[in-house]
Amino acid sequence: MNRLRNFFQHRILKQRTVMGLLCGLILLAQVPVAQACPFCSAPSLTLTEQLSQSDVAVLVQWIEAEKGDLEKAGKTVFEVKEIIRQSDKDKLKVGDKITINRHRPGKKGNLFMLLGTKGAEVDWGDPIEVTETSYHYVSQAPPPEEKTSKRLRYFLKFLEFPDQMISNDAYAEFANAPYEDIATLSKDMPREKIRKWLSDPETPVTRIGLYGLLMGLCGQGEDVEFMEKKINEPTKDFRLGIDGVISGYLLLTGSDGLDKIDESKFVPKDVAFSETYAAMQALRFMWTYGDGRISKERLRKSMRLLLERPELTDLVVADLARWDDWSVMNRLMEMYGAEDYNIPSIKRAIVRYLLVASKGKNKKGGGPDAATTEKARELLAKLREEDPKTVKSAERFFFLK
């Protein structure tokens with residue numbers, strides 16, 4: 001549990017650090033949309049990607065291995081069972097022996113994939129142990145060059161496959177995929193299985209965010225209560241993936257569901273920070289990917305509620321500025337330096353909010369009207385007189401044009 005807590009806290013800190021830097025560098029410029037599943041663990045190189053990047057690939061059986069010492073390197077001998085990939089100039093054939101200069105323990109008959117890159121000689125990577133099942137899974141998978149949605153349709157079948165190597169790799173394929181491509185599979189998703197995975201305490205917590213999102217994409221009316229119970233489970237600690245579950249819930253329920261999230265996660269002051277932050281992430285998701293399922297103004301309304309949470313205020317102010325919400329300008333000035341908000345990061349966020357507002361309309365037509373722009377300039381001038389150090393700090397990495 002401590003490892004999970006440290007993981008979560010590190011993720012929050014990293015996101016806050018990145019958001020703070022974005023606020024300084026490109027606040028209110030259109031931030032590029034992330035190209036991977038928004039609620040999955042960090043993208044990793046999948047088996048099919050590794051295979052596609054290799055020059056030579058073979059299925060081999062372990063024959064023998066010898067440990068190294070100070071005098072000589074270890075070695076491992078394999079026998080080629082199948083040629084997966086090689087050029088016309090390569091001469092490998094079934095039955096050939098391949099020796100790599102490192103020790104890899106194994107038993108006779110164990111299967112491995114060897115992937116190599118060509119130079120003067122083939123440089124073999126670390127052997128990847130496989131079973132017949134996992135080998136066929138990899139060899140039959142659509143290559144990375146195929147359309148992503150088509151590839152995901154194949155990997156969808158293996159998300160909770162009994163062979164952990166296979167299920168982990170299938171999950172990694174989804175973790176690497178853009179949300180838009182995941183969403184196209186809504187009609188193919190195994191709805192009842194996804195409900196079961198979300199309910200099963202044995203499901204890896206790192207997958208809960210993805211499965212919550214999938215539930216929102218393929219769910220039906222009868223799944224709303226199930227998801228509400230999942231979201232509102234009593235907790236005193238953080239829950240990895242609950243941001244994806246809330247996002248899926250909002251995809252399924254729209255504004256009606258957001259009303260309930262306001263009541264359960266945003267308004268009460270005693271809600272755990274991690275729960276409120278997860279719901280805030282869901283707001284951001286709906287803004288970027290919701291495709292009008294919840295109106296922009298309705299999302300702004302919920303985000304404004306979070307101004308009451310000083311531990312989140314700097315991030316909230318940045319989002320409201322990025323979302324063209326200039327209705328809180330007077331409120332932010334009342335908060336500036338007030339007891340619970342007298343924090344450098346909050347004051348800098350407010351200054352940057354005003355800096356963006358003072359620039360007026362942007363090239364894409366967003367931004368405040370002339371009256372709001374003039375007001376922001378007046379407030380900035382006031383803060384430059386009263387708190388020049390903070391204004392200078394906020395302007396240091398502010399390059400919006």
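Odds and ends about this structure:
- Within the range 178-202, residues that are within 10 Å of CYS218 (Cβ to Cβ) and without any contact (Cβ under 8 Å) to a residue 40 or more places away in the chain sit with their Cβ atoms under 8 Å from residues that are open to solvent by 70 Å² or more (accessible area, probe 1.4 Å) and among the charged types (D, E, K, R), at 6+ positions apart or across chains, in these pairs: LEU185/ARG153; ASP188/ARG153.
The rows are residues; the columns are (1) among the β-branched types (Val, Ile, Thr); (2) more than 23 Å from VAL224 (Cα to Cα).
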{"residue": "SER139", "(1), (2)": "no, yes"}
{"residue": "THR148", "(1), (2)": "yes, yes"}
{"residue": "GLN164", "(1), (2)": "no, yes"}
{"residue": "ASN176", "(1), (2)": "no, yes"}
{"residue": "ASP181", "(1), (2)": "no, yes"}
{"residue": "ASP188", "(1), (2)": "no, no"}
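- The set of residues in the range 320-337 that are modelled with pLDDT of 95 or more, among the small types (Gly, Ala, Ser) and within 19 Å of VAL391 (Cβ to Cβ) contains only ALA321.
- The requirement of being surrounded by 16 or more Cβ atoms within 10 Å (Cβ to Cβ) and among the basic types (Lys, Arg) is fulfilled nowhere in the range 325-334; no residue meets it.
- Exactly one residue out of LEU213, LEU240, LEU258 is within 23 Å of TYR179 (Cα to Cα), crowded, with 16+ Cβ neighbours inside 10 Å and either modelled with pLDDT under 95 or of a type in the set (Gly, Ala, Ser) (or both), and it is LEU240.
- Every pair of residues 6+ apart whose Cβ atoms lie under 8 Å, when the first sits in the range 121-143 and is under 14 Å from ALA170 (Cα atoms) while the second is open to solvent by 50 Å² or more (accessible area, probe 1.4 Å) and assigned to a helix (DSSP H, G or I): SER134/MET165; PRO142/LYS150
- Tally, over the range 78-93, of residues that are in contact with a strand residue (DSSP E or B) (Cβ under 6 Å, 6 or more places away or on another chain) and among the basic types (Lys, Arg): 2
- Top-ranked residue in the range 181-210 [being of a type in the set (Ser, Thr, Tyr) and more than 25 Å from PRO144 (Cα to Cα); ranked as surrounded by the most Cβ atoms within 10 Å (Cβ to Cβ)]: THR203
- Leading residue by the ranking (surrounded by the most Cβ atoms within 10 Å (Cβ to Cβ)) among those in the range 342-401 that are of a type in the set (A, V, I, L, M, F, W, C) and more than 28 Å from GLU311 (Cβ to Cβ): ALA381
- Taking residues in the range 355-379 that are free of Cβ contacts under 8 Å to residues at least 24 places away in the same chain and within 24 Å of ARG396 (Cβ to Cβ), and partners anywhere that are assigned to a loop (DSSP other than H, G, I, E, B) and small (Gly, Ala, Ser), the pairs with Cβ atoms closer than 6 Å and at least 6 places apart or on different chains are GLY360/GLY367; THR373/GLY360.
- Members of the range 144-180 found to be charged (D, E, K, R) and crowded, with 18+ Cβ neighbours inside 10 Å, listed by number: ARG151, GLU160, ASP169, GLU173
- Subset of the range 54-85 (residues that are free of Cβ contacts under 8 Å to residues at least 60 places away in the same chain and of a type in the set (S, T, N, Q)): GLN61, THR76
The values are calculated or read from the model by the stated rules, or taken from the named source; none is laboratory data. These numbers were taken from a predicted model, which means no experiment stands behind them. Backbone-built Cβ (ideal geometry, glycine too); neighbour counts: all protein chains shown. Keep in mind that these areas ignore ligands, DNA and RNA; they rest on the heavy atoms of the full protein, side chains included. Shrake-Rupley method; radii C 1.70, N 1.55, O 1.52, S 1.80 Å.
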